[in-house]
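Trainee: Pasting a structure below so you can have a look.
The values are calculated or read from the model by the stated rules, or taken from the named source; none is laboratory data. This one's a predicted model, so the numbers in the text were calculated from it and none came from an experiment. Here the Cβ positions follow ideal geometry from the backbone for every residue, glycine too, while neighbour counts run over all protein chains shown. Areas reflect the complete protein model, heavy atoms only, side chains present, ligands, DNA and RNA absent. Shrake-Rupley method; radii C 1.70, N 1.55, O 1.52, S 1.80 Å.
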Amino acid sequence: MRLFDNEREDRTRPVTLSELNERVQFAIHASFPDTCWIRAETSDVRENASSGHCYLEFVEKDDLTGQIVAKARGTVWARTFHSLKPHFESIAGRPFASGLKVMACVSVEFHKLYGYSLTVIDIDPSYTLGDLVRKKQEIILRLKEEGIFELNGELPFPALPQRIAIITSPTAAGYEDFVNQLLHNRAGYPFLLKLFPAVMQGEKTEESVIAALDRVAQYADLFDVVVLIRGGGSAADLSCFDSYSLAAHCAQFPLPLVTGIGHERDDSIVDMVAHTRMKTPTAVAAFLIGKMDEQAGELNALQQSICTCATEILTAHGTHLKLLVARLPASVTRLVEQHGTQLATVGSRLSGVYLPIQKRQSLLTGIRRQLQNLTESLLKDKKSELELAGQFLKLASPDYILAQGYALTLKDGKIVKRAAGLAAGDTVTIRHIDGDRTAAIR
């Protein structure tokens with residue numbers, strides 16, 4: 001290997017590029033014979049699927065301008081990467097990816113063909129964890145300073161949360177359990193559910209969930225609440241729910257947001273800004289059913305109160321009526337005695353007109369008999385007409401038709417007369433003689 005020798009070598013003599021790179025390599029190895037720790041930000045992190053090696057760049061940015069002021073190519077060989085990656089992610093709670101502040105133990109390498117690079121020996125996840133905690137606190141502080149941190153939590157929660165927009169992946173582990181728990185609740189409460197699919201894991205989660213929120217917002221008047229659920233996962237899988245952009249969208253959403261995204265130990269920022277935060281999708285379903293139970297309980301209490309008040313009123317009036325009944329005979333007797341003389345006088349005066357009245361009475365008796373005969377005949381005819389009409393009404397009755405094996409299709413409580421009135425995605429109620437069933441139009 002050629003070395004610089006100030007005394008024996010003429011510096012004006014040209015050297016080949018390989019000679020120059022050899023001297024640079026020697027100088028670097030002489031200056032950095034051992035490993036050293038560096039602080040930097042990861043960039044362009046990619047794992048080679050076939051070899052298992054991880055290739056990345058380390059960058060340093062200016063704190064004020066954000067411009068890159070230093071850059072170095074880095075490599076984590078497969079043997080190191082296979083143990084380093086899970087250890088880092090279990091402690092830092094984030095996937096090993098681009099954009100992380102890290103403290104790495106590296107060896108400085110210089111190859112005369114490939115140039116300068118850093119070989120990663122180890123990474124301290126506690127340094128990254130501290131930076132992530134700091135970033136999380138900065139995002140929370142920013143949301144509070146902008147006055148939107150508590151916006152969603154201040155929205156009034158609907159008394160009957162029945163129309164529910166669901167944001168999750170159709171294949172999420174907790175989605176089917178959530179739907180089954182709501183649709184088959186023991187009290188039989190009706191829930192109308194609409195899925196807005198979104199990616200719930202990986203780099204595209206933030207963008208996908210925000211897009212789903214925007215779609216729900218277009219039909220906000222059709223829903224009572226929106227739920228954001230997924231079937232759990234590691235802290236690294238759920239780190240996307242700590243982003244400022246997603247949290248800001250959730251905080252300012254016009255409908256109450258209920259989350260159940262699987263954090264068992266920590267609250268994500270999305271959990272913090274949501275109206276209500278539950279641990280799991282099934283806990284969200286139980287919460288919504290519980291809200292319905294609360295209203296049912298209030299209605300039962302109101303019914304009991306009405307019955308009690310009615311009983312008290314009837315009891316009070318019954319006592320008053322009993323007093324009146326007890327006093328009535330004596331009052332009547334007194335009145336009869338007071339007016340007895342007057343009645344006798346009037347009776348004597350009326351005796352002179354008794355005979356004309358008797359003749360009129362005979363005439364009225366005959367008229368009454370005629371009216372009675374006519375009335376009986378008319379009633380007989382009308383009775384026959386009513387019986388005939390009753391038979392027609394019975395044949396036209398929905399219950400009679402349902403008993404013959406037919407069914408009625410209802411949408412929003414109204415009978416659907418034509419198939420053209422239905423569209424894919426509509427929810428209908430099919431009424432049979434023994435009950436109703438709900439179906440979705442495909």
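Trainee: Quick one: which residue in A296, A283 is in contact with a strand residue (DSSP E or B) (Cβ under 7 Å, 6 or more places away or on another chain), closer than 30 Å to G188 by Cβ and not in a loop (DSSP other than H, G, I, E, B)? Step through it out loud before you land on a result.
Mentor: Details: A296 fails: in contact with a strand residue (DSSP E or B) (Cβ under 7 Å, 6 or more places away or on another chain).
One residue alone meets the criteria, A283.
Trainee: Please enumerate the residues belonging to segment 114-135 that are free of Cβ contacts under 8 Å to residues at least 60 places away in the same chain, open to solvent by 70 Å² or more (accessible area, probe 1.4 Å) and aliphatic (A, V, I, L, M).
Mentor: V133
Trainee: Also, I was wondering about something else. Tell me which strands (runs of 3 or more DSSP E) are completely within segment 151-269 and hold 1 or more residues being touching a His at 6+ places or on another chain (Cβ under 6 Å), or say none if there are none.
Mentor: Working: elements: 163-168, 192-197, 225-229, 257-260.
Here the list reads 257-260.
Trainee: Another question, then. Go through segment 85-104 and give me each residue that's part of a helix (DSSP H, G or I), touching a residue at least 40 places away in the same chain (Cβ under 8 Å) and among the hydrophobic types (A, V, I, L, M, F, W, C).
Mentor: F88, A92
Trainee: Kindly indicate whether L288 is in contact with a helix residue (DSSP H, G or I) (Cβ under 6 Å, 6 or more places away or on another chain), touching a residue at least 40 places away in the same chain (Cβ under 8 Å) and surrounded by 22 or more Cβ atoms within 10 Å (Cβ to Cβ). Break it down into steps so the answer makes sense when it comes.
Mentor: Details: in contact with a helix residue (DSSP H, G or I) (Cβ under 6 Å, 6 or more places away or on another chain): no; touching a residue at least 40 places away in the same chain (Cβ under 8 Å): yes; surrounded by 22 or more Cβ atoms within 10 Å (Cβ to Cβ): yes.
No: the conditions fail for L288.
Trainee: Looking at L335, L402, L410, which is the one that is surrounded by 10 or more Cβ atoms within 10 Å (Cβ to Cβ) and free of Cβ contacts under 8 Å to residues at least 12 places away in the same chain? Before the answer, list the steps.
Mentor: Values: L402 fails: free of Cβ contacts under 8 Å to residues at least 12 places away in the same chain; L410 fails: free of Cβ contacts under 8 Å to residues at least 12 places away in the same chain.
None of the others qualify; the one that does is L335.
Trainee: Looking only at segment 136-143, decide whether some residue is open to solvent by less than 50 Å² (accessible area, probe 1.4 Å), at pLDDT below 85 and part of a helix (DSSP H, G or I). Break it down stepwise before answering.
Mentor: Going residue by residue through segment 136-143, those that are open to solvent by less than 50 Å² (accessible area, probe 1.4 Å) are 136, 139-140, 143.
Next, from what is left, pick out any that are at pLDDT below 85: 136.
Now narrow it down to the ones that are part of a helix (DSSP H, G or I): 136.
Yes, segment 136-143 contains a residue that is open to solvent by less than 50 Å² (accessible area, probe 1.4 Å), at pLDDT below 85 and part of a helix (DSSP H, G or I).
Trainee: Within segment 13-40, take every residue that is farther than 19 Å from D122 by Cα and of a type in the set (A, V, I, L, M) and give me the one that is least open to solvent (accessible area, probe 1.4 Å). Quick ask: steps written out before the conclusion?
Mentor: Narrowing segment 13-40 to residues farther than 19 Å from D122 by Cα: 13-31.
Keeping just the survivors that are of a type in the set (A, V, I, L, M) gives 15, 17, 20, 24, 27-28, 30.
Numbers: V15: 57, L17: 120, L20: 78, V24: 51, A27: 48, I28: 32, A30: 66 Å².
Looking at residues that are farther than 19 Å from D122 by Cα and of a type in the set (A, V, I, L, M), I get I28.
Trainee: A further question on this structure: With respect to E60, determine if the residue is under 16 Å from F96 (Cβ atoms), of a type in the set (D, E, K, R) and touching a strand residue (DSSP E or B) at 6+ places or on another chain (Cβ under 8 Å). Lay out the reasoning, then the answer.
Mentor: Values: under 16 Å from F96 (Cβ atoms): no; of a type in the set (D, E, K, R): yes; touching a strand residue (DSSP E or B) at 6+ places or on another chain (Cβ under 8 Å): yes.
So E60 does not fit the description; no.
Trainee: Another one. Give me the residue from segment 294-307 that is of a type outside the set (A, V, I, L, M, F, W, C) and open to solvent by less than 70 Å² (accessible area, probe 1.4 Å) and, out of that set, modelled with the lowest pLDDT.
Mentor: Step one: list which residues in segment 294-307 are of a type outside the set (A, V, I, L, M, F, W, C), which gives 294-295, 297-298, 300, 303-305.
The next check asks that each one be open to solvent by less than 70 Å² (accessible area, probe 1.4 Å); those that pass are 295, 297, 305.
Numbers: Q295: 91, G297: 89, S305: 85.
Among those that are of a type outside the set (A, V, I, L, M, F, W, C) and open to solvent by less than 70 Å² (accessible area, probe 1.4 Å), it is S305.
Trainee: Can you name the condition, by its number, that D242 falls short on among (1) open to solvent by less than 30 Å² (accessible area, probe 1.4 Å); (2) in contact with an Asp or Glu (Cβ under 6 Å, 6 or more places away or on another chain)?
Mentor: Every condition holds for D242 apart from (2).
Trainee: Here's a follow-up. Is it fair to say F157 is in contact with a Lys or Arg (Cβ under 8 Å, 6 or more places away or on another chain), farther than 17 Å from I289 by Cα and either open to solvent by less than 20 Å² (accessible area, probe 1.4 Å) or not small (G, A, S) (or both)? Steps first, please.
Mentor: Working: in contact with a Lys or Arg (Cβ under 8 Å, 6 or more places away or on another chain): yes; farther than 17 Å from I289 by Cα: no; either open to solvent by less than 20 Å² (accessible area, probe 1.4 Å) or not small (G, A, S) (or both): yes.
Judged against the criteria, F157 is not a match.
Trainee: Within segment 41-84, how many residues are touching a residue at least 12 places away in the same chain (Cβ under 8 Å), assigned to a loop (DSSP other than H, G, I, E, B) and open to solvent by 70 Å² or more (accessible area, probe 1.4 Å)?
Mentor: Result for segment 41-84: 1.
Trainee: From the list A439, A389, exactly one residue is touching a residue at least 12 places away in the same chain (Cβ under 8 Å) and of a type in the set (A, V, I, L, M). Which is it?
Mentor: Numbers: A389 fails: touching a residue at least 12 places away in the same chain (Cβ under 8 Å).
Only one candidate qualifies: A439.
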